[in-house]
């Protein structure tokens, strides 16, 4: 009988390796919770302080530090992930270059800095975790947000429920019910994916998904409800495809027919669809914003006005003043991620975002037939794409949804044999060299 003897330079003991994995997992969850901004409204809502104040900006610095820490643990994996995402790198470069023609250079410089670190957070999540571990990290953040939102809405209704507009609708720890409902819809599909990818803990993840569904209903957001339904349909598609070749073919054809029918409904009977959603013909004023934004895009179609330089500018002749005049009120953003990129970064920025989106779409289609990570990536992509049509959630600094989109996009572009860095990952015995 032979025994394995520890070799020089052997890996850490199972206990220390497990502790290190737990620390990495905790750092990832902390970073995601910070980018959720679920703490901003409870901190500033009653005082009326700006969510973009110096204090609030400083609160994101620990999340940037967590991203840098995760990067330091595997820098070359992050480089490999970025190399496989040329459109993402192009977006960062165009955002930075827009400083030279920005309508507010100081705002652009500061927000590009935040955007780079926010994007880095998504990259390191993709390169540090396996699909199963990534689902649990993101799911843990959503589960905590759902639980806190439930407690706030029940025990502190003056904070957790709408009072003026849509009185009684739950908003959790955010200032607006649609934001709350949309995030809970994403949380439901992420937790469901975590259940599928981690069978030993499926019960707790299905419970978290169920809580998220209840909170979507409590928000009374019809957009969030539609997002949840589409996410569930995409999740069911992945489940059916993974049943076997025959089920995969049938599910694929059914999905194509359903997508064609939905497209026909949007283009041929949009009024009926809007009526079903309980919206008016302007989509709650969005069409007026879009028209006003398009007028400003016409002034600088190729350059744009600079990343993050429009919605806080105070000039009487700047783009925001004209958008406010044309729309009839002052909007907070374009309410469309595609118009937002065009307005900020011109045609090059719009093209880079479109390229990233199409590359991710293609990777999702391929991944649907190749690996179980599709349970996580495809439903999120479907819901995220729907949200980009009515909200400005793409290429956004300090934003949870952008971090997750980047993480999944980069992960899809990597070979599917990445490392697992979850506390649940079984550590390798110390002192035994592993075959490569």
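What follows is calculated from the coordinates using simple rules that are stated; it is not laboratory data. Bear in mind that the values here come from a model prediction, so they are computed numbers and not experimental data. Cβ sites come from the backbone with ideal geometry, for glycine too, and all protein chains shown count toward neighbours.
Here are a few things to note about the model shown:
- Counted residue by residue at 0.36 nm each, then reduced by the alpha carbon distance between them, the extension gain from residue 73 to residue 207 reaches 45.0 nm.
- 0 to 90° range, to nearest 10: angle between helix 374-388 axis and the chain longest Cα axis: 10
- Degrees separating the helix 131-155 axis from the principal Cα axis of the chain, which is the longest one: 50
- Exposure proxy order (Cβ contacts within 10 Å, fewest to most) of 369, 64, 384, 375: 369, 64, 384, 375
- The chain: angle of helix 61-72 to the longest principal axis, Cα-based, in degrees nearest 10: 40
- Here the sum of -39500 (n - 2.57) over DSSP H runs of 4 or more residues, divided by the residues of the chain, equals -22000 deg cm²/dmol at 222 nm, to the nearest 500.
- Binned Cα-Cα distance frequencies in the chain - 20 Å width, integer %: 24, 58, 16, 2, 0
- Note on 102, 53, 130: ascending count of other Cβ atoms within 10 Å places them as 53, 130, 102, the fewest first.
- Shape of region 108-169, Cα gyration tensor, a/c cut at 1.5: oblate
- 333, 316 arranged by Cβ crowding within 10 Å, fewest neighbours leading: 316, 333
- Cα-based Rg / Dmax (Å) for region 129-239: 13.9, 44
- Rounded if a/c under 1.5, otherwise prolate or oblate - region 275-389, Cα gyration tensor axes: oblate
- Tensor-based shape of region 217-264 (alpha-carbon gyration tensor, a/c under 1.5 rounded, otherwise prolate or oblate): oblate
- For residue 155 and residue 226, a Förster radius of 35 Å and the Cβ-Cβ distance give a FRET efficiency of 0.75, rounded to the nearest 0.05.
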